[in-house]
Every structure is written in C-alpha cells, then in structure tokens.
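No value in this document is a laboratory result; all are computed from the given coordinates. None of these values were measured; they are calculated from a predicted model. Cβ placement follows ideal geometry from the backbone for every residue including glycine, while neighbour counts extend to all protein chains displayed.
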Amino acid sequence: MEFFRIKKDIPFMRHSLVFNAISFATFLLAVFFIATRGLHLSVEFTGGTLVEVTYAEAQQLEPIRSALAADGNTDILVQHFGSARDVLIRLPNRDDVDSNGIADRVMATLHKMDTPAPELRRVEFVGPQVGKELASDGAMALLLVIIGIVVYLALRFEWRLGVATIIANLHDVIIILGFFAFFQWEFSLAVLAATLAVLGYSVNESVVIFDRVRETFRKKRGYTTEQVVDHAITSTISRTVITHGSTQMMVLSMLIFGGETLFYFSLALTIGICFGIYSSVLVASPLAIWLGMKREQFVKVKKEKEEAVV
Amino acid sequence: MNRYPLWKNLMIGLVLLWGLIYTLPNFYGEVPAVQLSSAKATLRLDTAAASDRVANALKDAGIEHDGIFSDAGSVRARFASTDIQLRAKDVIERAFNPDAEDPSYVVALNLLPASPAWLTAIHALPMYLGLDLRGGVHFLLEVDMPGALTKRLDSTTGDLRTLMRDKNVRHAGISREGNTVVIRFRDAAQRDAGRRAIQDSSNDLQLSERDAGADDLRLVATLTPQAQQTMRDFAIKQNITTLHNRINELGVAEPVIQQQGADRIVVQLPGVQDVAKAKDILGRTATLEVRMVDDTPGALEAALGGSIPFGTELYSERGGGPLLVRKQVVLTGDRLTDAQPGFDGQTNEPAVHLTLDAAGARIFRDVTRESVGKRMAILLIEKGKGEVVTAPVIRTEIGGGRVQISGRMTTTEANDVALLLRAGSLAAPMEIIEERTVGPSLGADNISKGFHSTLWGFIAIAVFMCLYYALFGIVSSIALAANLLLLVALLSLLQATLTLPGIAAMALTLGMAIDANVLINERIREELRNGSSPQAAIAAGYERAWNTILDSNVTSLIAGIALLVFGSGPVRGFAVVHCLGILTSMFSAILVSRMLINFIYGRRRKIDSLSIGQVWKPDSN
C-alpha cells in the first residue's frame, strides 16, 4: 500500500496568501465568538457545587428542578449526563449560604422526593479561592510553553522558525477555544490540558517540516526558498497524514468509548489535530518566508582560503 | 552494518524484562484483606507483636489466611474470599478490642494486591489508582493563617500585661490593634523600662515607638518575620498531626494527608462514602484538661474495688496503671500555647516544655503553690473518653507560664507527649475549599472506559500499521506495545497516582508515539525510492529520522513540563503520564524497533527487498 504517489513537488507556497487569509478569517471568527458568547467554564474554574446522581429508571428533570428551587436554591442547572438515568446538578457558590453542606442538602432533597432514591455518583465542590488560581495557573502554563518552544526552536533552527511556528499554533489554541465558545461546550481542566498537549503536538508538525527545509537547503543548491519549502512539505506529506491519522484513531477511540468525562477532552484534541495540520503546514511555512527565511541561515558559508597564487 | 553490539541488545532486553516484571502486579488484581491499626493517638502499634497476635487469633478460630504483612503503622492479613474476610474481621476485632464500647484498635476491611510475595518483596506493586478510579472523598483544606496570627497576638497581649506587672512597669493600657500590639505609657522612663523588659523576655517581637501626644507615648510590637514563619509552619504541622489522629478513627485503609503549598492540606480518603461523617470527624476538636490526682492512701484501691470516692474519676495512664483523678478541671487546652520536646537545662534529661498564656500561667502558679509534692494529671479527651497522657509530680511553685515536665522519659517519649499535648486542639481554624466525592460504581466505570479507549485505539493503530508497512509495521506495533509496557512499569514503580486524565494521557501518548515509527518507516521507503540498497536504507532511515524525532519529542516535553509545573489535580495526573510516556516512547520507538529489525535483516549479507509495504517509484510508472 502506498497512499501518496506524487511525482512533482506540489506548489503549496503559490497559494500561501489564500491559506493565510482563510486562517486569519477563522481566527477572527473564533475571537469574535469568545468575546461575544464567552466560554462555558466548568465548576473547577467558576467555583460552585456539582452533584451527579444516577437513578434506576429514566428520570424527568422538571420535578428535580422544582424540588430544589422550593428548597431555596437559585441559579440551579439540572441536566441529563450521558443517559436519561444520570442527572447532573450544578449550583453556584453564594455568599449568604455556607457552601460546604450544599451537596448534603441536595441529596437530602432528592431522597425526600416521590421518585426512588438515586445513587450518588460524584460530588465536586470548589471554593471561590481555587477557581481564580486555576485560571492564572493555566495562563502561566501557556506562557511557559510559548517561551519554551520559541527558545528551543531558536536554538535548534532559527528564531524566525520559532516565531512562525508559535504564531501558527497559538491560532490553533484560539480556534479550539472559539469552537468551545460557539457550541457552549463545557471548558474544564481536562480540556485545558488537551489544548496545551495539542499545542506541543502540532509544533511537532512544524518541526518535522522545518527539519526537511534545513536538509533541503543544504542538499538542493539551485532551489529558491519557496521551492525548498514546497519540496519539504511534499516529501513529508505522507508521514503527516499517516501520523495524524493514527493519533486521531486513538482520539476517536476515546471519543467513542471514553464516556462523558473524556468526551470534551477528545473533542478538543480532534479540533486541535485537524487545525494543527493545517496551520503548521500551510500557515507556519509562509510566515517563516515572510519573516525572511533564507538559505544563508541554514548553510554555513565556508570561508574560502585566500592563498596567493604566484 | 545493521547489527547492535551484544551489550546493547542485552541492555534493551534487560530493560524490557524489568518492564515486564514491574507491570506484572497489575494483572493479579486484588484480594480481600483485613487491616489493623491503632485507634488512639496515645497507642502505638507494635507491628511485630500484633502480627503474631493476629496469626494466633486466626489459628484459634480455624481461619486460613494468605499471608500477614505489616508496615510502619498497620498490620494486614489477606484472605481467599470476602466471606472469610468478614469472619476474620470479627475474630480480630474480638481479639484486639475486648471492650467494644472503647476500641483501642481500628479493624478495617481493605483490598490488597494479590501479587505473589516475591513481587511485593522487590517493591513491584500495582499502579496507584486515584480517587476518580476507585471511589472515595477528597478534601482540600485551607488553614486560616490570619486567624492563627490574631490568636497568637491575643495571647501575646495577655503575656505582655503579666510581664509589665511582674517587672513593675506602669503602663496606661495594652491592646491588640490589627496585627500589632500597642502599649501606652505616660512617661518616657517607663517606656524604656517596658522596652527592656520585653526585649529580655522574648526575641519574637519587633518594637517601634510612636507618640500620639506629650503624655501618650506608645510602644508598638509586631511579630518578627521569622516568628511569623515559625508560627505558620507550626500551625500547619499541628493541624496535619491532629487530622491524622482523627482520620485514624474513621478506619480508612490508606488515607493521604499532605501539605500542599504554604497553607493548604489535602486529605484523601479512598473508599469512604459517608462525607457527612468524614466532615464531622475532621472538624471535631479533642480537648486537653489539667486536673489534680487524688493521692489519698487507700482511695485508689477502693476505687478499683468498685467504690469510687465522691468527686473523682478513674482513668488509666498511658502505658501505666490506673489513676484516680479529681473531677475539678484546673486548666483546659485553650490555655496551652505550645508544647515542645527538649532537654532539662541542668540534668540534660529529655523533657517536654509547655508554654501557657497569661491567664493560664496565673492559675498554674496558684495551683502549684498549694500543691507542691502532689501529682497533677494531663488528660487528652477524645470521643468523650479521657486518657492520662502524663502525670508528673509538682516539685516547686511554677510561675511565668513556662512549665517543664521531665524525669523517667526517653527522647521518643518526650516527642510523643509533646505531640499529644499539641494535638489537643487545632492550631488554627481550617476551611474546606474543595471537595470531591466519587462513588465506587463511577470509579469502576471510569476504569473500564479508560481501558477500552486505550485498547481499541491501540488495536486500530496496530492493524493499520501492519497493513500499511507489512513487516516493518509489525515491528512498529511491537515497539508500541513495549512502550505501553514500560510506561505501566514506570508508573507502577514510581507509584504515581493514576487518574482518568492519566489514562487519557496514556492513550494520547501512544497515539503520538507512533509518529516516530512512521517517520522512520517513511524515511526507509524514501531511501529505497532513491535507489539505496536495503541495508543502507535501514541505516540511513534510522539515522536521519533520529534528529527529527528528538526535536519533536522535546517540544512535546516542553508542553508536558509546563502542565506539570502549573497544573493541579487532574491536569497534573495527565502531565505526569504524558511526560513519562514521551520518554519511554523515545526508547521503544528507536531502540526496540531497531533491535528487532537488526535481528530480522541485520545478519543477512544480501537482501533482495524489505518487507515495508509497496514502495512506489515515480519513474517506474
């Protein structure tokens, strides 16, 4: 089997302006959705209480809502979780109520209802102190990844490649966030981890291509910079598709078998992998060219010995 | 040319063998067990003797066990089935706790790994599962440091008042204002005298002068930064100790109580479902009381005979005999500000130094003056039951609030007593700022979901690789399996907590690790396409792919480390597995796969073609 039978280098760079325009438009859309709709943050970030229970039979949500509301709770979110038997109840932290006992009170209310008593699956209570820290820690982690990757690529290749890669991949991160904002999917700590992992992962892609770019610069003397990049992308495209396909198979398996907890995690990975390929192949390379990538930066010019000829 | 030297093959073989051994315990599952530990802060479990007692008790009852194990604070016995486990629990309970009303030991049901003894002996244990996989309660508590500081300054205020009176310094009032203690004086001479007195008695206070008028001179005292730091460390250590003692009585098999950051404590109670009870116990205070011992001749004998004299109670002394103690409470634990182990200044014997606050010191001086030569008892009251921690003889009148208990004590005993006295109350109030409860059914579900995701993903990748790259694909799949083996072995060895995000990281890492083999295989195909001989293509393929693999793994590792440094809870669980997985994947994707390829092709002098799937050449079409 051989999927890719490419005779000539594909002139990707001829269309680089189009790729970047598409990319820029998606980026703007993502920013727009994040700004207008905002992220649907999980309890871990906002603070509050989350109670997950499971009933022996399918359960209507309305009675639970009214029972909890009658108990004096406000801003309650009651929804099915995975199946009609599983119910998720989310309550915010309030200043006037001791948030410590909320979960116990909710369970007491549910037990008092006419329906058969549910089984407690999970309680999560996050105090207001913790949420803010998590958000700032997440931002610090992102910053550390950006600095780390730019410095490593600058040392190993060229600062232009480092900057081009990080711009291309950061826009992936924004696009993932944009998806989560648009569909109002729950943004949890696990999704944050997936986002950062995917950042490291799609940088790989740029690294593989730039590695080829460096090699091609050294080997093919007559090529222009655009031709070198086209050649590098073409000769690695088979690997790009197979690797990402394999990783996506694993992620797909998590999407199918992983249940609710891993669902958004693998969804973030899926979006990240798809846009990661696009941006690190078709956005990072033109950016590097525009930043002024040249042969001289990769090939050490040997000083010719000046010997006097008599 | 494609041969590894013998040492390299041996090394890879040994690493794989190591991986296999340390992965093994994960396959044995768990067996029911009964765990015995001390229920009281005042009782230390002698594990060697307790093991024998457990063995004898089981033998007498005719119950067979599968081995008895002990560690620092507990003894555990394994059993073949849950029926036997329940019967054994009753037997052990009866043997160790003759008085069911006042249990001295906790006998809890537990699960132990079923792996053979030789594996346990080399510390090959199954992976340590997090609460989201096995069910339980997780609390994050925050110690109220400002509250502790206020408490400390309040007692300092009282101390200063006593000090001024003892040194005959006239002042116009002492009060706490915010985080400072302000002392007012009418004239400068008295202020200087006051300053000297304070500096002589303590170096924890920083003094500055502030004048509000000609006859309103002030001395402002604040705690020095060192003193504040010591106070914080002390507060958190004491709270952890106290939590330990209280959690013991819950009978949890393997509780985790750890400091996190400067002022937080993590408490994890696997298997506990009753959150309300757990919270109740965490929040309860044990109390400390000082009372006088009734030494009237014959009274103790009478009490033991059944007629307890009026106004007294019978208690037992820790590690000693019975003691008759008066009901009247001289002092409570609130008056005790500190208890530290140390040494007697003159005899150099081990001793415990107590510090009382000002009011406590006054009471103590009055009591000791009247009772020289008599014994006083210090009682620790937990769960409504008291026990005498120590009952020293009063040798002289003790003023100033500094008390020393010494004599007939070893250093360890002094440590224990100090710890128990401190355990009387929490140093600073705590608040639960995060709580997570996972039911046991959800835990089991999470394990099976994580396991199936990884399994099916792995199978999909392996099938595809074998179809697309033929023999090289099989080798890549074996390398990927080796990666999984090593990762599991490493996690088992480090006993890092495996959570559901951790399993997700395992799956994701496997999905990413295949990249290295794809890179290598594609390179070899490319070399073949360009007309290299098979042997040269293998060598060049591995060599050229190496740089790329290194670069791409380093960037992944950077992201992993950032998550590890800044992540908490679920993110950290993800990051640990992710980082370890990147390291094992480098080893297995490059060395293990190369070794296999070398075994297959390296020895042959002449190879016509490599089984790497179809290699398509542009010019042949």
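Using a 7 Å offset from Cα along Cα-Cβ at B:Phe310, what residues in segment B:326-344 end up with backbone N under 20 Å from the label point?
Answer for segment B:326-344: B:326-329.
Per residue of A:116-126, what is the mean number of Cβ atoms on other protein chains within 10 angstrom of that residue's Cβ? The partial results should precede the final answer.
Numbers: counts 0, 0, 0, 4, 7, 9, 9, 8, 6, 10, 6.
If you average over the peptide's residues, the count of other-chain Cβ atoms is 5.
Using a 10 Å cut-off on Cβ atoms, rank the peptides B:507-518, A:241-252, A:147-158 from the highest mean neighbour count down. Please list the in-between numbers first.
Numbers: B:507-518: 27.2, A:241-252: 22.8, A:147-158: 18.0.
Per-residue Cβ counts within 10 Å, averaged per peptide and sorted highest first, yield B:507-518, A:241-252, A:147-158.
Order of B:575-587, B:333-345 by packing, highest average Cβ count within 10 Å first? Display every interim value, and only then the final one.
Details: B:575-587: 22.7, B:333-345: 17.6.
Peptide ranking by packing, descending: B:575-587, B:333-345.
Less than 10 Å Cβ to Cβ from B:Asp551, Lys/Arg counted +1 and Asp/Glu -1: what total charge do the surrounding residues give? Show your work: numbers first, answer last.
On the way: positive: A:Arg156; negative: A:Asp211.
Result for the local shell: 0.
Could you tell me the largest-minus-smallest coordinate of the C-alpha atoms of segment B:98-155 on each of the three principal axes, in descending order and whole angstroms?
So the three principal-axis extents are 58, 36, 24 Å.
Quote the FRET efficiency, to the nearest 0.05, computed for B:Thr411 versus B:Ala262 with a Förster distance R0 of 30 Å and r equal to the Cβ-Cβ distance. Don't jump to the answer; show the numbers that get you there.
Numbers: r = 30 Å, r/R0 = 1.00.
It comes out at approximately 0.50.
Can you work out the base-10 log of I(q)/I(0) for chain A at q = 0.07, 0.16 1/Å, using the Debye formula on its C-alpha atoms alone?
One equal scatterer on each Cα of chain A leads to -0.41, -1.26.
Could you give the distance between the Cα centres of segment B:498-512 and segment B:531-563, to the whole Å?
Going from one Cα centre to the other spans 22 Å.
Hey, with R₀ at 22 Å, roughly what FRET efficiency would B:Asn9 and B:Asn547 work out to, going by the Cβ-Cβ distance, to 0.05? Mind showing how you got there, number by number?
On the way: r = 24 Å, r/R0 = 1.09.
Efficiency for this residue pair is about 0.35.
Starting from the Kirkwood Rh over alpha-carbon pairs, what translational D in µm² s⁻¹ does segment A:248-294 have by Stokes-Einstein at 37 °C and 0.692 mPa s? Before the final figure, lay out each step's value.
On the way: Rh = 12.2 Å.
It comes out at roughly 270 µm²/s.
Find the Cα radius of gyration of segment B:311-357, compare it with 2.2 N^0.38 Å by division, and give the number to two decimals. Each step should come with its number before you reach the end.
Numbers: Rg = 14.3 Å, N = 47, 2.2 N^0.38 = 9.5 Å.
Relative to the 2.2 N^0.38 Å estimate, segment B:311-357 comes out at 1.51.
Could you list, bin by bin from short to long, the percent of Cα-Cα pairs of segment A:235-274 in 10 Å steps?
The calculated distribution, bin by bin, is 32, 47, 17, 4.
Throw me the Rg/Rh for segment B:480-538, computed over C-alpha atoms with Kirkwood Rh, two decimals. Display every interim value, and only then the final one.
Details: Rg = 16.7 Å, Rh = 13.6 Å.
Taking Rh as the inverse mean 1/r over Cα pairs, Rg/Rh reads 1.23.
Using the 2.2 N^0.38 Å rule of thumb for compact globular proteins, work out how segment B:94-251 stacks up: its C-alpha Rg over that value, please. Please list the in-between numbers first.
Working: Rg = 26.6 Å, N = 158, 2.2 N^0.38 = 15.1 Å.
That works out to 1.77 for segment B:94-251.
Restricting to bridges with both residues inside chain B, how much of the DSSP beta-bridge set is antiparallel, in percent to the nearest 5?
Values: 87 of 90 bridges.
So the antiparallel bridges in chain B amount to around 95 percent.
Can you pull the Rg over Rh of segment B:293-431, Cα-only, Kirkwood?
Numbers: Rg = 15.3 Å, Rh = 15.9 Å.
Result for segment B:293-431 is an Rg/Rh of 0.96.
Quick check on segment B:46-163: what are the equivalent-ellipsoid semi-axes from the Cα gyration tensor, as sqrt(5λ), descending, whole Å? Mind dumping the intermediate values first?
Values: eigenvalues 354, 99, 43 Å².
With the √(5λ) rule applied to segment B:46-163, the semi-axes are 42, 22, 15 Å.
With both partners inside the protein assembly as shown, how many of the DSSP beta bridges are antiparallel, as a percent to the nearest 5? Don't skip to the answer; put the middle values down first.
Numbers: 110 of 115 bridges.
So the antiparallel bridges in the protein assembly as shown amount to around 95 percent.
If each of A:Ala69 and B:Glu177 carries a label point 7 Å out from its Cα toward its Cβ, how far apart are those two points in nm?
5.4
Using only atoms on other chains, find how many Cβ atoms lie within 10 Å of each Cβ of peptide A:148-156 and report the average. All intermediate terms of the calculation are to be shown ahead of the outcome.
Values: counts 7, 6, 1, 1, 5, 3, 0, 0, 5.
That average works out to 3.
Return the FRET efficiency for the residue pair A:Val18, A:Ile256: r is the Cβ-Cβ distance, R0 is 35 Å, and the value is rounded to the nearest 0.05. Walk me through the intermediate numbers first.
Values: r = 35 Å, r/R0 = 1.00.
Rounded to the nearest 0.05, the efficiency is 0.50.
Once segment A:1-86 is represented by equal point scatterers at the alpha-carbon sites, with solvent omitted, what log10 I(q)/I(0) does the Debye formula produce at q = 0.25 Å⁻¹?
For segment A:1-86 at q = 0.25 Å⁻¹, log10 I(q)/I(0) is -1.22.
How big, on average over all directions, is the shadow cast by the Cα convex hull of the protein assembly as shown, in nm²?
Working: hull surface 233.7 nm².
Value for the protein assembly as shown: 58.4 nm².
Take the Cα atoms of segment B:1-74, find their three principal axes, and give me the spread along each one in whole Å, biggest first.
That works out to 68, 31, 18 Å along the principal axes.
Mind listing the long-range amide H neighbours of B:Glu313? Cut-off is under 5 Å, sequence gap 5 or more, other chains count too, H placed in the peptide plane at 1.01 Å from N.
B:Val325, B:Arg326, B:Lys327
With a Cα-only, solvent-free Debye model of segment B:392-501, what are the log10 I(q)/I(0) values at q = 0.15, 0.20 Å⁻¹?
Computed log10 I(q)/I(0) values: -0.90, -1.16.
Counting residues in segment B:175-259 as N, plug N into 2.2 N^0.38 Å and put the Cα Rg over that result.
Details: Rg = 20.4 Å, N = 85, 2.2 N^0.38 = 11.9 Å.
Scaled against compact globular proteins, the figure is 1.72.
Over the Cα atoms of chain B, Rg to Rh with Kirkwood Rh, two decimal places? Please list the in-between numbers first.
Values: Rg = 33.9 Å, Rh = 30.0 Å.
Looking at chain B, the ratio lands at 1.13.
Contact order normalised by length for chain B, with contacts defined as Cα pairs under 8 Å and 6 or more residues apart; what percent is it? Numbers along the way, then the final one.
Values: 1078 pairs, mean separation 99.7, N = 621.
16 percent.
Using helices alone, I'd like the mean residue ellipticity at 222 nm for chain B: each DSSP H run of four-plus residues gives -39500 (n - 2.57), total over residue count, nearest 500. It would help to have the intermediate numbers written out before the result.
Values: 18 runs with 301 residues, N = 621.
Mean residue ellipticity at 222 nm (helix-derived): -16000 deg cm²/dmol.
Quick one: what are the phi-derived ³J(HN,Hα) couplings along segment A:203-208, Karplus 6.51/-1.76/1.60 with θ = phi - 60°, whole Hz, x for glycine and proline?
5, 3, 4, 4, 4, 4
Could you bin all the Cα-Cα distances of segment B:506-621 into 5 Å bins starting at 0 and give me the percent of pairs in each, rounded to whole numbers?
Once binned at 5 Å, the Cα pair distances of segment B:506-621 give 2, 11, 19, 18, 15, 11, 9, 7, 4, 3, 1, 0.
Give the Rg (one decimal place) followed by the Dmax (whole number) of segment A:157-310, computed from C-alpha coordinates and expressed in Å.
19.6, 83
Tell me the Kirkwood hydrodynamic radius of segment B:444-487 in angstroms, computed as one over the mean inverse distance between distinct C-alpha pairs. Please report the intermediate quantities before stating the final value.
On the way: mean 1/r = 0.0903 Å⁻¹.
For segment B:444-487, inverting the mean 1/r across all distinct Cα pairs yields 11.1 Å.
Inside 10 Å of the C-beta atoms of B:570-576, what's the mean count of C-beta atoms belonging to other chains? Don't skip to the end; give the middle numbers.
On the way: counts 8, 12, 2, 2, 8, 4, 0.
Averaged over the peptide's residues, the number is 5.
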